[in-house]
Amino acid sequence: MIVVRVFLNGLIMAAEVAAVLGIAYLGYTHPFLFAAGTAGLVVILGLRLEILRLRHELPFYFEGARPPRLILVPLVGGVEALMKGVLAGLAALFTFAGTDSDRLFWVAVVFAIVTYAGASILRGLSVSFRAEPWRWGFFRLSAPLGLAFSAGITALVGLGLMTSPSVSEIGWRLVWELPERPSISQVSELFFQIKQAFDDFVVMLLSQAMSREWARVAAIVVSVNVLTGFVASVYATVIAAVVRAAEERLP
């Protein structure tokens, strides 16, 4: 029985890794499909989780008073789920859409690592503290995963695996290389270059008041790359929830 359980647990772990790699590969090869799927997934999850959250929050916001009619709960929850779905879809698109295949490959690698780390954290919380993966992942995990993703991109730039263009290079491409009607991939590539240039500007500006190392840490926190953490947290939530459900059914 123990041998069977160990074997099945190994299969679950292998499936978890395969799911993470498959999600990152989908984003790398089909960014538009990935963005649409992300937006739809967030809306579907949000319709349930946002409504549950609002029902628990009403006593906090309306203590001692009559709470609003129940019809407002699904209405507000639905609007929030829709807005988060749009935001997640755009973040997913601008994360993986682009024209530099080498850069996008490394982005996919960092995204996979961050997503797997998020799923592992949720699994650990569930095992040790009986935390609910759906709620923790959807509402609490996006910020730390966003910081991890931003730090990963910064590390890649520092290692020379990604280039950080100057403002003059961006201006040249914007004026002379970008077509009159650019594609979404071209706009996304330019947007990434602008993000990197902005991060470098933040480092240069903060270096006047602190060490360059701490300035880089601050730039990681304020980088637009942090938004990708919400995308990673959604997939980490789904993977962790499925893994925990499978583990709890082991003989």
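The values are calculated or read from the model by the stated rules, or taken from the named source; none is laboratory data. Keep in mind the model is a prediction, meaning the values are calculated, not measured. Heads up, the Cβs are rebuilt from the backbone with ideal geometry, glycines too, and the neighbour counts pull from every protein chain shown.
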Residue match in the range 123-130 (condition: under 21 Å from residue 23 (Cβ atoms) and among the aromatic types (Phe, Trp, Tyr)): no
Single residue of 244, 249 found to be surrounded by fewer than 22 Cβ atoms within 10 Å (Cβ to Cβ), at pLDDT 90 or above and closer than 28 Å to residue 130 by Cα: 244
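Is it the case, given these coordinates, that residue 174 is exposed (fewer than 12 other Cβ atoms within 10 Å of the Cβ) and of a type in the set (A, V, I, L, M, F, W, C)? Spell out how you get there, then give the answer.
Numbers: exposed (fewer than 12 other Cβ atoms within 10 Å of the Cβ): no; of a type in the set (A, V, I, L, M, F, W, C): yes.
Considered against the rule, which asks whether it is exposed (fewer than 12 other Cβ atoms within 10 Å of the Cβ) and of a type in the set (A, V, I, L, M, F, W, C), residue 174 comes out as no.
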In the range 197-251, the residues that are touching a Leu at 6+ places or on another chain (Cβ under 7 Å) and among the polar types (S, T, N, Q): 233, 237
Qualifying residue in the range 214-226 (condition: surrounded by 16 or more Cβ atoms within 10 Å (Cβ to Cβ), within 18 Å of residue 116 (Cα to Cα) and within 13 Å of the chain's Cα centre (by Cα)): yes
